[in-house]
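Readers should treat all values here as calculations from the given coordinates under stated rules, not as data from a laboratory. These figures come from a predicted structure and were not determined experimentally. For neighbour counting, all protein chains shown are included, and Cβ atoms are generated from backbone atoms with ideal geometry for every residue, glycine included.
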Amino acid sequence: MKLCVFGAGAIGGLIAARLAASGTPVSVVARGAHLQAIQRRGLVWRERDSERIVRVEAVADGKALGPQDYVIVSLKIHAFASAWPALEPLVGEQTVLVPAMNGVPWWFFHRFGGKLAGMTLDDVDPHARLATHIDVARVLGCVIYLSARVPEPGVVEHMGREDIELGEPDGSLSARAERLRACLASAGFACRTTTDIRSAIWNKLIGNAGLNPVAALTYATLDRILDDHGVRTLLLTAMDEVIAVGTALELKIRQTSSERLEMGRSLGAVEVSMLQDVKQGRPLEYDALCAAVVQIGERAGVPVPTLRALTALIRLRARQLS
């Protein structure tokens, strides 16, 4: 099996490191100092109190690798369209694209029933660039519950959780999904397949849509957010709005907002991804995390005033960083 991780940052790097350590041949597409460090000494993988160096083929452009069986795309959604020229050489007739991204994916409403069938998400896929280039038939949905960071170039550090959920957009149980599930499970991930990947995506979004902008705006770690009564109340209100929109879409909601929030308590003083991005001056992925939910809520007739306010604030914060 030819498997490539496109975007070997924190999450992609962790996936690649574990796959390589388990004996699965894997290549990565990375950039800058991170790429140079991986090429020079290998990918350093830190987990708990251990450190290991794994060797992976690392390149800056997919042209050096050619078509793959699976490409796990670990990018922020706003970077996906601009990265397509480097990714396209990895895509052959049978290639499966696995977007390991947060938020609402561009294909979410493809063949979706109800009054929102075929809805386009302007914030997620401006000018429909992804929809134009990528046939949804080659997409395998993916939801990642991992906490990782890149403390220095060429190093990935796993900080918590190891859950991955895979699912076909058409709701089928496919051989290609099972093959990748088995591969990721052999690398130590708690990986499972589902016939309802959209509900899985939305259940993760319940936490991320409010938590990420709150952390980025307050510069607070997860433990401090959970311990602050006023901020926690605000966050629970935002999460309830995400649940209300998901319910209107007839998605299966697994937890209440309080239960979802408490899942993060065991992670302690972790910096969520958007806070890491703010501190490093990187673009913020608010578009797929909260702006998309506001757009969907408007179309579904579900009020989302708290999310609307958070989206306006984080959009301005993002502009100040650019």
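Observations on the structure shown:
- Long-range HN-HN contacts of Ala220 with modeled amide H, under 5 Å: none
- Take every Cα pair under 8 Å whose residues are at least 6 apart in sequence, average their separation, divide by the length of the chain, and the relative contact order is 16 percent.
- Peptide ranges 204-215, 160-171, 110-121, 233-244 listed from the most packed, as the mean C-beta count within 10 angstrom indicates: 204-215, 233-244, 160-171, 110-121
- Packing around the peptides 28-36, 259-267, taken as the average count of other Cβ atoms within 10 Å per residue, puts them in this order, highest first: 28-36, 259-267.
- Placing unit charges on the Cβ atoms only, positive for Lys and Arg and negative for Asp and Glu, gives the chain a dipole magnitude near 400 debye about its Cα centre.
- Sequence of Leu284, Leu14 once ranked by neighbouring C-beta atoms within 10 Å, starting from the fewest: Leu284, Leu14
- Test item: Cα-centred dipole of region 199-321, Lys/Arg +1 and Asp/Glu -1 on Cβ, debye: 220 debye
- The alpha carbon radius of gyration of region 3-195, expressed as a multiple of 2.2 N^0.38 Å, is 1.00.
- Extension gain (nm, one decimal) between Asp223 and Arg31, 0.36 nm per residue minus Cα-Cα: 65.9 nm
- Across region 101-107, rounded Karplus estimates of 3J(HN,Hα) from the backbone phi angles (6.51 cos²θ - 1.76 cosθ + 1.60, θ = phi - 60°) give 10, 7, x, 7, x, 4, 8 Hz, Gly and Pro being marked x.
- Sequence-distant residues sharing a close amide H with Thr193 (under 5 Å, placed H): Leu166
- Convex hull (Cα only) mean projected area of the chain, reported in nm² to one decimal: 15.0 nm²
- 3J(HN,Hα) from dihedral phi, region 296-310, Karplus parametrisation 6.51/-1.76/1.60, rounded to Hz, x for glycine, proline: 5, x, 4, 5, 8, x, 10, x, 9, x, 5, 5, 4, 5, 4
- Backbone geometry of region 186-202 corresponds, through the Karplus equation with coefficients 6.51, -1.76 and 1.60 at θ = phi - 60°, to 3J(HN,Hα) couplings of 5, 8, x, 7, 7, 10, 9, 9, 9, 8, 9, 5, 5, 5, 4, 4, 5 Hz, x marking Gly and Pro.
- Residues Ser172, Ser186, Ser74 arranged by fewest to most Cβ contacts within 10 Å: Ser172, Ser186, Ser74
- Once backbone amide H atoms are built at 1.01 Å from N, Glu57 has Val26, Val28 as its partners under 5 Å, excluding neighbours fewer than 5 places away on the same chain.
- Using bins of 10 Å that start at zero, the share of Cα-Cα pairs per bin across region 1-58 amounts to 26, 61, 13, 0, in whole %.
- Report summary: the helix-based calculation at 222 nm, which adds -39500 (n - 2.57) for every DSSP H run with n ≥ 4 and divides by the residues of the chain, gives -13000 deg cm²/dmol.
- Evaluated at q = 0.13, 0.22 Å⁻¹, the base-10 log of the normalised Debye intensity for region 199-321, with identical point scatterers placed on the Cα atoms, takes the values -0.46, -1.31.
- For the peptides 86-92, 152-158, the ranking by packing is 152-158, 86-92, with the highest mean count of neighbouring Cβ atoms within 10 Å listed first.
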